[in-house]
1. Under a straight-distance cross-link criterion of Cα-Cα below 26 Å, which lysines are reachable from A:LYS52, leaving out those fewer than 8 residues away in the same chain?
2. Can you give the alpha-carbon Rg of chain B over 2.2 N^0.38 Å, where N counts its residues?
3. So what does B:LYS3 come to for accessible area, using a 1.4 Å probe and Å² rounded to 10?
4. Once the dipole of chain B is set up with Lys and Arg at +1 and Asp and Glu at -1 on Cβ about the Cα centre, which of B:LEU80, B:VAL55, B:LEU39 lies farthest towards its positive end?
5. May I ask for the distance between the Cα centers of segment A:73-112 and segment B:70-111, given as a whole number of Å?
6. Magnitude of the Cβ-charge dipole of chain B, K/R +1 and D/E -1, about the Cα centre, nearest 20 debye?
7. Using a probe radius of 1.4 Å on protein heavy atoms only, what is the accessible area buried between chains A and B, both sides summed, to the nearest 100 Å²?
8. If you scale each eigenvalue of the Cα gyration tensor by 5 and take the root, what three semi-axes come out for segment A:22-105, rounded to whole angstrom and sorted largest first?
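The values are calculated or read from the model by the stated rules, or taken from the named source; none is laboratory data. Nothing here was measured: the structure is a model prediction, and the numbers come from that model. No Cβ is skipped: glycine too gets one built from the backbone with ideal geometry, and neighbour counts run over all protein chains shown. Only protein heavy atoms, including side chains, enter the accessible area calculation; ligands, DNA and RNA are left aside. Shrake-Rupley method; radii C 1.70, N 1.55, O 1.52, S 1.80 Å.
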Amino acid sequence: DAGVTQSPTHLIKTRGQHVTLRCSPISGHKSVSWYQQVLGQGPQFIFQYYEKEERGRGNFPDRFSARQFPNYSSELNVNALLLGDSALYLCASSFSGKDTEAFFGQGTRLTVV
Amino acid sequence: DAKTTQPNSMESNEEEPVHLPCNHSTISGTDYIHWYRQLPSQGPEYVIHGLTSNVNNRMASLAIAEDRKSSTLILHRATLRDAAVYYCILSQLLNTDKLIFGTGTRLQVFP
């Protein structure tokens, strides 16, 4: 069975641009969460979606947005990119969000120059 | 969310047991203790979780203090593949949709 898949794996963007990151959860999983991991730190929670509804939001500016599609895949959008947005963006899925474990993808490495 | 405190780094030799401590003195009665680890260039992966009793699975054991203010992740025989950052996380009930990670413990394993 395929695990959580994220695309692209790496990308480079210029300050001020917009980026869309994609996540496909494990088949049957309805909950998707997004995290940002800056070098040397632990992942920080950004958003959680369940059944296409936003269930939680972390302390991130409005430049960050996300959505979940009927097939439970998800997109994370970041507008007006800043140098500080350079990070590893991780997606995690679970069946309901109230499970024993979350499954993480390998992440998208975003570099803003 | 209650906070956890872990040492920044630990070292071990291959095939020796490793005890990774975590302090969580403000834990509430409904908080579960989760451990995840992150290998280099990968996303975090679940290791184990518990509430009050000690837990064992194929990867590790979790020893929880009687007052629940601390816990220890035990790797019975460290291998080179266990070199990773280990995160101790508390969550209310079973709450996998929002995990609050700290900085974790970086475990180095020497051959």
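1. A:LYS30, A:LYS98, B:LYS98
2. Working: Rg = 13.1 Å, N = 111, 2.2 N^0.38 = 13.2 Å.
Chain B yields a ratio of 1.00.
3. 150
4. Of B:LEU80, B:VAL55, B:LEU39, it is B:LEU39.
5. 20
6. Working: 9 positive and 11 negative charges, 30 e Å.
Approximately 140 debye in magnitude.
7. Numbers: alone 6260 and 6490 Å², together 11130 Å².
About 1600 Å² of accessible surface is lost on pairing.
8. Details: eigenvalues 90, 40, 22 Å².
That gives 21, 14, 11 Å for the three semi-axes.
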